[in-house]
Amino acid sequence: MLTNDSRKVVLVGTGMVGMSYAYALLNQNVCDELVLIDLDKQRAEGEAMDLNHGLAFSGANMKIYAGEYKDCADADIVAICAGVAQKPGESRLELLGRNTAVFRSIIEPIGESGFNGIFLIATNPVDVMARIACTLSGFNPRRVLGTGTALDTARLRYLLGEYFGVDPRNIHAYVMGEHGDSEFVPWSQAMLATKPILTICEESDHRFCLGDLEKISEEVRGAAQKIIEAKRATYYGIGMAMTRITRAVFGDESSVLTVSSMLRGEYGQTGVFAGAPCIVGRNGVQRVLSLSLTDEELKRFARSCATLQECYEELHLS
Ligand code: NAD
């Protein structure tokens with residue numbers, strides 16, 4: 001379990017996502033010790049050097065080095081951003097199979113190290129990979145978190161803030177379900193301060209409408225693809241989302257974040273990992289919040305979970 005005096009993160013996968021996370025951790029002074037691990041050891045070493053050279057310009061006093069899996073023994077958080085990219089013509093399931101092999105090669109030595117902290121998973125498809133990490137590690141599901149729809153929710157709040165001309169921090173709305181095509185926004189639960197957004201639309205004399213809201217949720221769903229077309233990959237946003245989750249854990253914040261965690265009866269779902277608002281603190285997911293979704297929203301959530309369940313079952317893990 002986490003100790004108060006040390007804040008140690010081991011990062012596995014020092015690619016674009018992993019290093020954006022590391023850079024944000026350093027700039028926000030979120031941990032005291034950061035260990036970098038990658039299949040490409042030289043890359044991890046180079047990244048550690050580069051970050052260390054920036055230490056003098058940051059307010060942080062972090063110990064940063066390229067390490068080994070045995071360094072996970074006393075880590076508080078192991079973040080996994082390692083993965084392989086989709087090959088041309090490769091199916092989603094084939095990619096999933098290869099990423100499962102990557103996770104086996106990572107999680108076994110982490111388990112052998114005696115690691116007893118929290119897993120934070122970002123590798124895609126993140127909901128299924130978080131479930132795989134949970135199965136392979138045998139950890140209590142409450143200590144395995146996927147980044148889920150945390151980034152999608154941040155994108156949604158940003159766009160709604162623009163639309164209503166309001167600070168996104170005063171918008172309370174979530175993207176739920178799979179981090180991917182079947183994700184959705186339960187509009188019945190979206191608020192501007194404490195006022196339901198649907199009521200604001202009704203009272204706005206057509207200035208704001210549900211059609212526009214649906215366009216915004218489409219934009220959120222397509223955002224990653226748009227960024228990939230423009231610059232080949234997305235990484236700053238997810239690195240910052242991971243940093244936010246890490247802060248919530250180290251600060252024992254009990255913050256509401258839409259991470260991907262195992263559902264145990266919430267929304268009528270059991271066993272599947274999916275994005276839903278969760279209370280996150282020192283021990284991982286303290287609780288999954290059961291929002292009062294409408295019947296139609298519950299159906300959408302169930303459809304999203306069914307997609308994730310199918311994907312997981314096709315792997316025949318256990
Ligand atoms: P990348 O190719 O830049 O980095 C992947 C890294 O993983 C590489 O450094 C590679 O050497 C390492 N790696 C591969 N196999 C390994 C193994 N067996 N052990 C240790 N390290 C290994 O990719 P990226 O752009 O950083 O993306 C990483 C993952 O994050 C992808 O799966 C991507 O889809 C995902 N991602 C998730 C979100 C999200 O919202 N959850 C957003 C963006 C990207």
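The values are calculated or read from the model by the stated rules, or taken from the named source; none is laboratory data. All figures in this text were calculated on a predicted structure; none of them were measured in a lab. Every residue, glycine as well, gets a Cβ built from its backbone with ideal geometry; the counts of neighbours run over all protein chains shown.
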Met240 being closer than 18 Å to Tyr174 by Cβ and within 22 Å of the chain's Cα centre (by Cα) | yes
Might you let me know whether segment 296-318 holds any residue that is buried (at least 17 other Cβ atoms within 10 Å of the Cβ), farther than 16 Å from Pro141 by Cα and among the hydroxyl-bearing types (Ser, Thr, Tyr)?
-> yes
Just a yes or no: is a residue in segment 23-43 within 12 Å of the ligand (Cβ to nearest atom), of a type in the set (Gly, Ala, Ser) and touching a residue at least 12 places away in the same chain (Cβ under 8 Å)?
-> no
Could we say that Gly89 is modelled with pLDDT of 95 or more and under 24 Å from Ile227 (Cβ atoms) here?
-> no
How many residues, within segment 2-47, are of a type in the set (Gly, Ala, Ser), surrounded by 16 or more Cβ atoms within 10 Å (Cβ to Cβ) and in a helix (DSSP H, G or I)?
-> 5
Lone unmet requirement of (1) at pLDDT 95 or above; (2) among the hydroxyl-bearing types (Ser, Thr, Tyr); (3) over 26 Å from Leu298 (Cβ atoms) for Ser188 = (3)
Which pairs have Cβ atoms under 7 Å, sit 6 or more apart or on different chains, and link a residue in segment 60-82 that is surrounded by fewer than 19 Cβ atoms within 10 Å (Cβ to Cβ) to one that is at pLDDT 95 or above and hydroxyl-bearing (Ser, Thr, Tyr)?
-> Lys70/Ser113; Ala73/Ser113
Can you give me the ranges of the strands (runs of 3 or more DSSP E) entirely in segment 188-295 with at least 2 residues that are in contact (Cβ under 8 Å) with a residue 24 or more places away in the chain, more than 16 Å from the ligand (Cβ to nearest atom) and acidic (Asp, Glu)?
-> none
